[in-house]
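I have placed the structure first, in the form of structure tokens, so that the comments after it can refer back to it.
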Amino acid sequence: MTHKLIYLAKRNPAIAEKDFGATWKSHSLLASTLGTNFSRHFTRVRQCIKIYDAKVPPEFVNEHDGVALLTMKSWEDLRAARSHPDAVSTMRNDELRVFAEYARNFTMATQEAVHEGTGEGVAALIHFLRRKSSIGPAEFEARWQPQMAATFALDKAHAAGGLVLSRTIETPGPRYDFAGISETWFPDVDHAVAAAWNPARREALQKMSALSDEIVALLVRINFEKIPSV
């Protein structure tokens, strides 16, 4: 089973939208100074930034600025990376320069439940769903996963290359208590925008309000990516 740490980030409000990508990348590059003892816990790092100037449907307009997808070698590696002493000191000390708050406050520990297609691309539509309290976790997954698979079938008409669904195992608290996170990957931004505006897709996602009392949707592009060599 693939485990990930997933951020749903807000930038430091002192940083302009046009500068956030470079600022966040500089933060990620700090990890390379920690050596192989830290990077050995990861198999891939994808830092994805909101495409601010894209013409997207209103459901994609929100206060969030980006998503980090940190793929771990194992659950044990996920736990070790979160408590790594160098990361706690070096990375955390730099976080408030980049983000509106410490990363631990908006980071979720997850496990992939579905991986269809390659999961590769330059741009993605990412959705965070908060489960309604009246629906149990098992029922949520039993309904959410096939609904997202049906949505992905629609996205293939816009060259979607992959769908990844992750269930959340640990959340940092009520503000980020999302039960399911979906990633739909596209070869470029234009195809992703076209998919976002697809009326059938929008209708399918609106139906998920029966499962979720909050859906955060973002159109993002890869801002920084790294596959550790160890």
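Bear in mind these aren't lab numbers, they're just calculated from the coordinates by the rules spelled out. Predicted model only: the values in this text are computed from it and were never measured. Note: ideal-geometry Cβ built from the backbone for every residue, glycine included; neighbour counts use all protein chains shown.
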Hits in region 139-174 (condition: more than 17 Å from residue 1 (Cα to Cα), touching a residue at least 60 places away in the same chain (Cβ under 8 Å) and outside any loop (DSSP other than H, G, I, E, B)): 140, 143, 144, 147
Scope region 113-136; condition touching a Lys or Arg at 6+ places or on another chain (Cβ under 7 Å) and of a type outside the set (Val, Ile, Thr); matching residues: 113, 123
In region 1-33, residue nearest to residue 80 (Cα to Cα) [restricted to those that are in a helix (DSSP H, G or I) and among the β-branched types (Val, Ile, Thr)]: 33
Subset of region 108-126 (residues that are touching a Ser or Thr at 6+ places or on another chain (Cβ under 7 Å) and more than 19 Å from residue 172 (Cβ to Cβ)): 112, 113, 124, 125
Options 28, 74, 39; residue that is hydroxyl-bearing (Ser, Thr, Tyr) and more than 19 Å from the chain's Cα centre (by Cα): 39
Within region 81-129, tally of residues that are assigned to a helix (DSSP H, G or I), more than 15 Å from the chain's Cα centre (by Cα) and of a type outside the set (Lys, Arg): 13
Set 42, 60, 106, 38: member being out of contact with any strand residue (DSSP E or B) (no Cβ under 9 Å at 6 or more places or on another chain) and among the hydrophobic types (A, V, I, L, M, F, W, C): 38
Members of region 63-80 that are surrounded by 14 or more Cβ atoms within 10 Å (Cβ to Cβ) and among the polar types (S, T, N, Q): 71
